[in-house]
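The values are calculated or read from the model by the stated rules, or taken from the named source; none is laboratory data. All of these numbers come straight from a predicted model, not from anything done at the bench. So basically every Cβ, Gly included, is an ideal-geometry build from the backbone, and we count neighbours across all protein chains shown.
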Amino acid sequence: MLSLSATARHGRVELALAAAVVLCLCAAGVPVSPYPTYTVCHCYAAPLGCCAREAAAVPVSVPLRLASRCVLCVLVEPWRPKPHRRQAAAATAFPCSHRAFGGNQSEPVLPLLLCYAKGRRRALGGLGNKARMGIAEVALHTMPGAFTTHSPASILSLRAVARRRNRNTNSVPNARALQGLLRVPRLRSVRGLWCQRIDDLARVTEGNGTWVKDAMNNTGQVLGDVSVPVQAVGGNGGLNGSAAKPPPQRRKSSSVEDEAWELLQESMVYYCGSPVGTIAANDPNDSDPVNYDQVFIRDFIPSGIAFLLKGEYEIVRNFILHTLQLQSWEKTMDCHSPGQGLMPASFKVRTILLDGDEDATEEVLDPDFGEAAIGRVAPVDSGLWWIILLRAYGKCSGDLSLQERIDVQTGMKMILKLCLADGFDMFPTLLVTDGSCMIDRRMGIHGHPLEIQALFYSALLCAREMLTPEDGSADLIRALNNRLIALSFHIREYYWLDMQKLNEIYRYKTEEYSYDAVNKFNIYSDQISPWLVEWIPPKGGYFIGNLQPAHMDFRFFSLGNLWSIVSSLATTHQSHAILDLIESKWSDLVAEMPLKICYPALENQEWKIITGSDPKNTPWSYHNGGSWPTLLWQLTVACIKMNRPELAAKAIEVAERHIATDKWPEYYDTKRARFIGKQARLYQTWSIAGFLVAKLLIEKPDAARILWNDEDAEILNALSTNRKRGKKVLKKTYIV
């Protein structure tokens, strides 16, 4: 390690000359070992040959004689973190082609994205005097093969440090040590943390422009860096504040759709100047947002799909990578930690003071794995939605390098292993507690709720499609295939309900003890509610909400049924039957605002016992029969998949009548969805995004293919073979 020390008399450090020093060292013939690191303390940075917003560019062309693929990586290590915190590092890499560095070939001007953060001062020894100073480390890595094989998950920063100081001078102490190597222009001051990207290719020396453009286009394939727009980051609205931009003045739009896009843009959350998600709700008049100012995994899904359909891939990529980083954080509640692979329910970008230095602040991601949630329930659906969004990103953007990264593959496997872990359950369905999905309060869905099973099936199919073939994945893929077959059979056979099946249940015999019992779950016909007998249509059917021993939850849950269509968990016949039921029961499930989250509502004594007299889940409100506009996008995908887009268009027309004038509420109350929910948040982001996705997909139906799963021929063949063979009967049984 070569260390150049400088005296920090003023504590005002510009974006330093770190990259320039490395280039000049290479030009001067300093040998480059496989992983050398040059530490340059308190120096300037004017990215060479590039557009530094605060200074004039210094065009430099340096011939580099390297024999293999090269990645230039800028790392910032402000201080040594505590054990429970991630190492602070901001990194960006640009690939330098093998052609560009071989022999006496071209002399490229390296484009840089330099993300600089002033760190905590500490003493370092070097060529100069010891001093208390900030540190910027520049690593020039020379390695064969693809960089992803060396890329740790921690390479993306989970923390960006910004020190804000008032200084009137701008000097480079001990700059004599650099004399003869290069001349440094005087830069204006930089406050806090800001990220600079080279976007001005006009300044690049002619003859190298093509190489630079190629390098910039390929940045996503190397290290999966989170690209950063050119802007200054000066905090996130105060201490412990959200990183969402303060909402600007609302201006009248030419249409509901235009207004929705403006609102979605305003809800974006930034971390180190880069968009990483959207907050749950962005009501400027809400003085107590509780946790609605956080980025929820499930809430971001329609936002992410909307951005993908618009061709804005950066925010989705950033979201996937940052939530992946949070996956490996330590999660403990009352001295107990859940299994590895759990994704957070939400996260928030906070700006907090550093310990022992009142002038310094840091920007951190603060995840919630359920420790702070109402009921303290872990979010089972977060990891499943993450896998579904990862596949959608690859299909829509064409960038498969993200899902092929080692850290992304590892994160996906951790989620799968957590879901496929052996337990006491005899069923292939996932066993979860109440409140572990979109219905995140007590609503009697503990056990094996349909929503979780549909997402689980979809995530398994998506993961199987994205897992890279390798020796370590063989057992996982085998277990995944076995689970897909068993889960598909179980849901299609035991969860399905139509008039014919209801009549069979009505005639069930009970207390059957045998291997060939018809009433396998010992369901009593008295469980059939009077409302169901009158409600179920002669044409149509649906999957029931839950199934356990001696219990069938006959309520209709919209998300679980719609995603069963999208994921092909339902057969073609069953998928059409579900849509037939929605069409025939339009006045109950859609009425004046799509779509009922469940039907019917729990009332009277049943409401008191099952919900615990929850004042938010009163009958026909919130999760208890409320109408949620965000479900519009799932309905649209399901209708397009089954070639029935006119049904979705009809629902969109209903929503478009007054959702904008109602200020985009979270949900609606009453049986016909006539009132805005009594505790509904306004300008709810996933209501906005759900509407936008539905509109975009109706205009371009083929785009819905990024979300649905085609029926798997292998699973279909296994199911048909299983039905033909039937149950094996033993010649003679023994009781031991």
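Observations on the structure shown:
- Any chance residue 484 is outside any helix (DSSP H, G or I) and either in contact (Cβ under 8 Å) with a residue 12 or more places away in the chain or in contact with a Lys or Arg (Cβ under 6 Å, 6 or more places away or on another chain) (or both): no
- Counting residues in segment 519-533 that are exposed (fewer than 13 other Cβ atoms within 10 Å of the Cβ) and without any contact (Cβ under 8 Å) to a residue 12 or more places away in the chain gives one or more.
- Scan of segment 652-687 for residues that are touching a residue at least 12 places away in the same chain (Cβ under 8 Å), polar (S, T, N, Q) and farther than 25 Å from residue 638 by Cα, ordered by number: 670, 679
- Residues in segment 462-476 that are at pLDDT 95 or above and either β-branched (Val, Ile, Thr) or crowded, with 24+ Cβ neighbours inside 10 Å (or both): 462, 463.
- Residue 294 surrounded by fewer than 19 Cβ atoms within 10 Å (Cβ to Cβ), more than 19 Å from residue 629 (Cβ to Cβ) and touching a residue at least 60 places away in the same chain (Cβ under 8 Å): no
- Going through (1) part of a helix (DSSP H, G or I); (2) free of Cβ contacts under 8 Å to residues at least 40 places away in the same chain one by one, residue 649 falls short only on (2).
- Residues in segment 333-363 that are more than 22 Å from residue 271 (Cα to Cα) and without any contact (Cβ under 8 Å) to a residue 12 or more places away in the chain: 334, 335, 336, 337, 356.
- Of residues in segment 327-359 being among the aliphatic types (A, V, I, L, M), surrounded by fewer than 22 Cβ atoms within 10 Å (Cβ to Cβ) and in the same structural domain as residue 440 (by TED's automatic domain parsing), the one nearest to residue 391 (Cα to Cα): 352
- Residue check: residue 409 meets all listed conditions (1) of a type outside the set (D, E, K, R); (2) in contact (Cβ under 8 Å) with a residue 60 or more places away in the chain; (3) buried (at least 19 other Cβ atoms within 10 Å of the Cβ); (4) not in a loop (DSSP other than H, G, I, E, B) but one, namely (2).
- Hits in segment 330-370 (condition: small (Gly, Ala, Ser), part of a strand (DSSP E or B) and more than 23 Å from residue 437 (Cβ to Cβ)): 360
- Those residues of segment 504-544 which are assigned to a loop (DSSP other than H, G, I, E, B), under 40 Å from the mean Cα position of the chain (by Cα) and of a type in the set (Phe, Trp, Tyr), in sequence order: 521
- Number of residues in segment 415-426 that are surrounded by fewer than 19 Cβ atoms within 10 Å (Cβ to Cβ) and among the hydrophobic types (A, V, I, L, M, F, W, C) equals 5.
- Here segment 317-331 is the region considered, the condition is being in contact with a Pro (Cβ under 9 Å, 6 or more places away or on another chain) and among the polar types (S, T, N, Q), and the residue that is nearest to residue 420 (Cα to Cα) is 327.
- Filtered residues of segment 519-563 (kept if touching a Phe, Trp or Tyr at 6+ places or on another chain (Cβ under 7 Å) and among the β-branched types (Val, Ile, Thr)): 523, 528, 544
- In segment 444-470, the qualifying residues are those that are assigned to a helix (DSSP H, G or I) and of a type in the set (D, E, K, R), and the one that is nearest to residue 491 (Cα to Cα) is 451.
- Residue check, residue 553 exposed (fewer than 13 other Cβ atoms within 10 Å of the Cβ) and not hydroxyl-bearing (Ser, Thr, Tyr): no
- From the list 450, 389, 431, 400, the lone residue that is under 21 Å from residue 301 (Cα atoms), surrounded by fewer than 16 Cβ atoms within 10 Å (Cβ to Cβ) and among the hydrophobic types (A, V, I, L, M, F, W, C) is 400.
- Checking segment 478-490 against the condition returns no match, with no residue being more than 18 Å from residue 549 (Cα to Cα), surrounded by 11 or more Cβ atoms within 10 Å (Cβ to Cβ) and in contact with a strand residue (DSSP E or B) (Cβ under 9 Å, 6 or more places away or on another chain).
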